[in-house]
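*Asks:* Here it is: the structure, laid out below.
Throughout, read-outs are computed from the coordinates displayed, never taken from laboratory work. On a predicted model such as this, the values are computed, not experimentally measured, just so you know. Note that each Cβ is placed from the backbone with ideal geometry, even for glycine, and that neighbours are counted across all protein chains shown.
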Amino acid sequence: MSEKEVLEILGKKIAFGESAIVNFEVAKLHTRNTLDVPIIIERSKKPGPTVLMTAGIHGDEINSVEIVRQIIAKGINKPKKGTIICVPIINVFGFLNMDRLFPDGRDLNRVFPGSAKGSLASRVAHFVMNEIVPHADFIMDFHTGGADRFNAAQIRIVKDEPKLTELAHIFGAPFIYYSQNLNKSFRNACHKGGVPILLFEGGKSFNIHPNITNTGVNGAKRVLHHLGMLNTKFKVSKPKNNTIVIDKSKWLRAKF
């Protein structure tokens with residue numbers, strides 16, 4: 001088989017038509033047990049795009065994890081063509097500790113592209129950018145509102161990117177918010193690497209909101225359908241309302 005027919009992550013080779021779960025060992029606990037980040041890979045026999053779905057960059061954003069979990073549990077990640085890679089919990093330390101940050105106190109979404117010899121968070125970021133992202137043609141990254149704030153379901157993209165704007169409308173979230181990529185964020189690192197990425201955000205940290213979850217799952221299905229990757233057994237519904245585009249936003253503070 002040629003290199004194009006084989007996807008390799010952490011030495012594991014996955015050919016067309018194969019499935020695999022590859023575990024990235026983040027650290028060893030004091031009990032000598034390992035703490036792993038699962039990477040779920042599904043490949044069709046038919047060549048096509050490679051889509052990466054990620055969640056849990058912040059450990060307290062469990063609604064994002066639930067979206068990708070449902071995509072996997074329902075088999076939506078088994079493509080009609082191409083490859084779908086799912087990483088449902090990148091910050092597994094934070095998820096287990098119910099903490100937004102890594103044990104080293106760092107925000108994973110502020111250390112990309114990371115370093116092979118840096119902090120724990122930086123090494124995880126380096127792994128994601130060097131072992132997983134290079135395989136992707138397109139990324140959907142799922143988030144939840146932080147600091148106990150409830151965020152309406154939205155897609156965040158940079159302005160003046162026609163391909164991203166098209167895919168954001170196809171996703172069909174209630175809002176598209178044009179926002180600049182933050183320095184050292186996952187979205188910014190992917191943008192610099194030339195990999196288009198939609199960032200979905202909705203709900204509230206430490207909570208699972210069914211309406212937000214359904215919006216994320218249905219949006220992913222629409223995008224996969226548009227790319228010709230969604231299995232025909234899944235129905236694709238149209239958004240209930242037209243997407244509202246937001247050019248800018250500002251904070252309104254309550255006076256005490």
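*Asks:* Compute the signed sum of charges (Lys and Arg +1, Asp and Glu -1) over the other residues within less than 13 Å, Cβ to Cβ, of K248.
*Replies:* So the surrounding residues net to +2.
*Asks:* Same structure again: Kindly work out what percent of the DSSP beta bridges joining two residues of the chain are antiparallel, to the nearest 5.
*Replies:* In the chain, approximately 50 percent of DSSP beta bridges are antiparallel ones.
*Asks:* Then there's this: What length, rounded to one decimal in nm, is gained on full extension from I208 through to E18, with 0.36 nm per residue of separation minus their alpha-carbon distance? Can you show the working numbers first?
*Replies:* Working: separation 190, 0.36 × 190 = 68.40 nm, distance 3.18 nm.
My answer for the length gained is 65.2 nm.
*Asks:* Sort 155-168, 47-60, 191-204, 18-31 by the packing proxy (mean of other Cβ within 10 Å over each peptide's residues), most packed first.
*Replies:* Values: 155-168: 17.0, 47-60: 22.6, 191-204: 19.9, 18-31: 12.7.
Highest to lowest by the protection proxy: 47-60, 191-204, 155-168, 18-31.
*Asks:* So how do 74-82, 216-224 stack up, highest first, on mean other-Cβ count within 10 Å?
*Replies:* So the peptides 74-82, 216-224, ranked by packing, come out 216-224, 74-82.
*Asks:* Among the lysines, which fall within straight-line cross-link reach of K235, defined as a Cα-Cα distance under 29 Å, with same-chain neighbours fewer than 8 residues apart omitted?
*Replies:* Here the lysines satisfying the reach criterion relative to K235 are K45, K46, K74, K78, K80, K81, K163, K204, K221.
*Asks:* Which net charge results when you count Lys and Arg as +1 and Asp and Glu as -1 among the other residues whose beta-carbon is under 14 Å from that of E18?
*Replies:* Here the charged neighbours net out to +3.
*Asks:* Right, something else. Could you give me the ³J(HN,Hα) list for the stretch 204-209, computed from phi with Karplus coefficients 6.51, -1.76, 1.60 and θ = phi - 60°, whole Hz, x at Gly and Pro?
*Replies:* Once rounded to whole Hz, the list reads 9, 4, 6, 9, 10, 10.
*Asks:* To continue, here is another question. Around V51, under 13 Å between beta carbons, what's the net of Lys plus Arg minus Asp minus Glu among the other residues?
*Replies:* That sum, taken over residues with Cβ under 13 Å, equals +3.
*Asks:* Using only Cα atoms, locate the centre of the stretch 48-78 and the centre of the stretch 182-256, then give the distance between them in Å, rounded to an integer.
*Replies:* 12
*Asks:* Output ³J(HN,Hα) for the stretch 100-115: one whole-Hz value per residue in order, computed from phi by the Karplus curve 6.51 cos²θ - 1.76 cosθ + 1.60 with θ = phi - 60°, and x for Gly and Pro.
*Replies:* 5, 9, 7, x, 7, x, 9, 8, 4, 7, 10, 10, 5, x, x, 8
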